[in-house]
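First up is the structure itself, then whatever we jot down about it.
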Amino acid sequence: MDGEILALSILVKFLKIENFNISMAEKCAICGAKIEETFLGKLKGGVVKIVKDKKTERFYACDECQKKHGDKTKEEIAKLA
Ligand SMILES: [Zn+2]
């Protein structure tokens, strides 16, 4: 019984961490605006992958910032990252 409760609490913790990561990732890395989801569950915005300390991190850029920075969107995010 105790083992089951422990397993459950670990699962709950894991799910909370997952949700936290998702909500963090849904913000524009440049302006901080929330990235809206389309009705299909796709994010309105672009994903920018930046390698930092040998780890690939994903950042989001909203449509507005992508329009504003164009090809330099990645550079802008890299400066902030
Ligand atoms: Zn933005």
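The table below lists the values:
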item: Any hit, the stretch 37-49, residues being under 15 Å from Leu80 (Cα atoms), in contact with an Asp or Glu (Cβ under 9 Å, 6 or more places away or on another chain) and surrounded by fewer than 16 Cβ atoms within 10 Å (Cβ to Cβ); result: yes
item: Residues satisfying the stated conditions in the stretch 32-81, i.e. touching a helix residue (DSSP H, G or I) at 6+ places or on another chain (Cβ under 8 Å), assigned to a strand (DSSP E or B) and among the basic types (Lys, Arg); result: Arg58
item: Any hit, the stretch 9-29, residues being away from the ligand (no atom under 16 Å from the Cβ) and modelled with pLDDT of 70 or more; result: yes
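The values are calculated or read from the model by the stated rules, or taken from the named source; none is laboratory data. Computed from a predicted structure; not experimentally measured. Note that each Cβ is placed from the backbone with ideal geometry, even for glycine, and that neighbours are counted across all protein chains shown.
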